[in-house]
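Just below is one structure, and these are the notes that go with it.
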2 protein chains.
Amino acid sequence: MSWPNNRLTQLLGIDYPLIQAPMAGGVTTPELVAAVSNAGGLGSLGAGYMKPEAIRQAIAAIRQRTDRPFAVNLFVSEPVKEEAQRVIAANRLLAPYREALNLPEPEPLLSAVADDSEEFTVSLEDSSEMLVSTGANYHEQVAVVLEEGIDRVSFTFGIPSDAEIATFKQRGVITIGTATHVLEGIVLEETGIDVVVAQGMEAGGHRGTFIGRPEQGLLSLMTLIPILVDQLRIPVVAAGGIMDGRGIAAAHHLGASGVQMGTAFLTTPESGAHSMYKQALLDTTEMSTVLTKVFSGKLARGLQNRFITELSEVQDQLPGYPIQNALTRDIRRAAAEHDMPELMSLWAGTGCALCQSRPVAELMRQWLDQAAQYLKP
Amino acid sequence: MSWPNNRLTQLLGIDYPLIQAPMAGGVTTPELVAAVSNAGGLGSLGAGYMKPEAIRQAIAAIRQRTDRPFAVNLFVSEPVKEEAQRVIAANRLLAPYREALNLPEPEPLLSAVADDSEEFTVSLEDSSEMLVSTGANYHEQVAVVLEEGIDRVSFTFGIPSDAEIATFKQRGVITIGTATHVLEGIVLEETGIDVVVAQGMEAGGHRGTFIGRPEQGLLSLMTLIPILVDQLRIPVVAAGGIMDGRGIAAAHHLGASGVQMGTAFLTTPESGAHSMYKQALLDTTEMSTVLTKVFSGKLARGLQNRFITELSEVQDQLPGYPIQNALTRDIRRAAAEHDMPELMSLWAGTGCALCQSRPVAELMRQWLDQAAQYLKP
């Protein structure tokens, strides 16, 4: 329980047990990642959606800005199948938004998906079912991360294969997994993962659940952390709703070895979040977030907006992740270009009402000073 | 932030800022309430469902066992209306359970409700609508509490009238309200309530939401406490998911002046919970609780069982609280008599996997010692 030096800071080679959450989709700029690492935490590149070459460039840009440790986050992905009929129906539901944004109507079935080869490839098995292969990009991402000598890698949505884990261990890479309930934590530990990030129901963005249904794994940090640390030997990091030194101190007393904070970094000048996204976070109240599948087909927490409200009733008819994510990509991109936050995915944790628009170094100093008042050195 | 003496302990006249949650339905025996108060916390009699005379007797029994402060909790209630058709339909859905328990089929409309005059009275306005008056019993309850010289009163489901608040203040009664989001906290403070219990989504039993829909007020303590204490001047008490000294310390660092713990007391020998209910809690895992309206018509958290599973799909068609609560009462009582936990309401918070079967004094000593390790005196 000693603060700030504990087995997590020692393992990760950082000054403070604070990880910047690997938010994908352009938020984790090299500036943000480097600023967090330079301030003594662990910055994280959210590389889940990035092409291998873009990951290589981002790593170089981060290394120009810091010589301290940082992590790269990848989405563990497996081939999925989807009914063609669901994709056709989803495109029909999305047509009014494309029309409003002057976007071309996609081919009835595949073009909107196949358009984005960086994320996955699609093949039509027969007239009713499509096979989506997401593995290729993920394995290329892993290869780049290893080639670049990255030595802290975090994973979401699953567990790397035994062979990959063995390779990471051989290269001295510290691996960080994500759990939303105890069984996932136990499985991660038994697989040889070094650190478990425990994602409370408070967390913004996608639920990391990979065993069971995400709707059932909605435990808050107050429950998840004590129960998880009683079961695991490896360090547990608390993620979700932590917005300042009060949350950091609380998480440590619940038994966490550290915290992972995402939403609290979104409104910093270093973050790559869209200016309208930042403004929406600064204008928000404590009741603003909801869990939704409408943007990606996977349950995620974000600010309620028009797109969520209008599609929430049909969300169980939509294709699963990552197909729905690909289907809505042109809409989300065009909405961002036209400054229309009502059609963007504004991922946010339940604590977003405490967002501040200040530089990373200032914020981290404030949080860590506040936590230090409570925590025994 | 000083521990354990702060403005809450001073206001309530207790040694430790720990309130035993006022669980209604027979759990808060005089033995439980007195044991908590004798150990330096604030015991609470959950009197919401009790007839005025039963409250008087329970108060006397508590006073035989302790001379320390304790609270009485009441449900603020207002007349409600319900469609007769919904009641008829609900009784049809409940018929298989009554049959399995050899319970008589109630009159198609009212008998199952009117049977329980202690809770409310029912009058048929016309053939399609019934009026349920719940005020009478509540006002009698308040009268008894005042006659008995009770000086700490907590309220759930709403706010006492201005006249009642004025009377309480005149008599030196300290009032405790329940909030599930910031607006409710602000309204309670402005009404003149002395202490706000902030009920996180982790809490077992009924949601205390009285402004907006309970489903929307599902904030965890990690979010609710910091945001609420930033807005209020009166002491805020954290309730929900706190099961030991780790949770107590965490709640204090989030800014709470104290904690309210319910589920953690359910499995003590002093608690009046049914033996099968206690055993179910001791056997549970961290994924066991769900939010449901099937027992009472009001959203509440409890252990998933057969009754919840079978009726969850139709729960939005059921009558509201307190009518559905009255309709299921004979079933819940008979299920308890026959040791059938699958048809009982097994209210529990998300932390129930940490329940221990130990006497109150031992548990409180353990929790407070653990919290003291973390909290600065």
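A few notes on this one:
- Tally, over the range B:199-224, of residues that are within 8 Å of chain A (Cβ to nearest Cβ) and part of a helix (DSSP H, G or I): 6
- Taking first residues from the range A:301-324 that are without any contact (Cβ under 8 Å) to a residue 24 or more places away in the chain and partners that are open to solvent by 20 Å² or more (accessible area, probe 1.4 Å) and of a type in the set (Gly, Ala, Ser), the Cβ contacts under 7 Å between residues at least 6 apart in sequence or on separate chains come to A:Gln304/A:Ser288.
- When the range A:57-92 is filtered for residues that are β-branched (Val, Ile, Thr), at pLDDT 95 or above and in a strand (DSSP E or B), only A:Val72 remains.
- Listed here are the helices (runs of 4 or more DSSP H) enclosed by the range A:308-377 that have at least 1 residues being within 14 Å of chain B (Cβ to nearest Cβ): A:360-374.
- Test: A:Gln373 is open to solvent by 10 Å² or more (accessible area, probe 1.4 Å), among the polar types (S, T, N, Q) and at pLDDT below 95: yes
- Looking only at residues of the range B:231-257 that are at the interface with chain A (Cβ under 8 Å from one of its Cβ atoms) and part of a helix (DSSP H, G or I), we find that the one that is most open to solvent (accessible area, probe 1.4 Å) is B:Arg246.
- Here B:Ser271 clears all of (1) assigned to a loop (DSSP other than H, G, I, E, B); (2) within 14 Å of another protein chain (Cβ to nearest Cβ); (3) not aliphatic (A, V, I, L, M) except the condition numbered (2).
- Checking each residue in the range A:281-300 for being open to solvent by 10 Å² or more (accessible area, probe 1.4 Å), free of Cβ contacts under 8 Å to residues at least 40 places away in the same chain and in contact with a helix residue (DSSP H, G or I) (Cβ under 9 Å, 6 or more places away or on another chain) picks out A:Met287, A:Val290, A:Lys293, A:Gly297.
- Among residues of the range B:142-158 that are farther than 10 Å from B:Phe168 by Cα, those with a Cβ under 7 angstrom from a residue that is of a type in the set (Phe, Trp, Tyr), sequence gap 6+ or separate chain, pair up as B:Thr156/B:Phe75; B:Phe157/B:Phe75; B:Phe157/B:Phe210; B:Gly158/B:Phe210.
- Restricting the range B:258-268 to residues that are open to solvent by less than 10 Å² (accessible area, probe 1.4 Å) and away from chain A (no Cβ under 11 Å), the residue that is nearest to A:Gly247 (Cα to Cα): B:Gly258
- Subset of the range B:15-38 [within 30 Å of B:Pro377 (Cβ to Cβ) and open to solvent by 10 Å² or more (accessible area, probe 1.4 Å)]: B:Asp15, B:Tyr16, B:Ala21, B:Pro22, B:Ala35, B:Asn38
- Yes/no for B:Glu190 being within 14 Å of another protein chain (Cβ to nearest Cβ) and either part of a helix (DSSP H, G or I) or open to solvent by less than 10 Å² (accessible area, probe 1.4 Å) (or both): no
- Reported count of residues in the range A:311-334, each being β-branched (Val, Ile, Thr) and open to solvent by 40 Å² or more (accessible area, probe 1.4 Å), is 0.
The values are calculated or read from the model by the stated rules, or taken from the named source; none is laboratory data. Just so you know, these numbers come straight off a predicted model, no measurement behind them. Every residue, glycine as well, gets a Cβ built from its backbone with ideal geometry; the counts of neighbours run over all protein chains shown. For accessibility, only protein heavy atoms count, side chains too; no ligands or nucleic acids. Shrake-Rupley method; radii C 1.70, N 1.55, O 1.52, S 1.80 Å.
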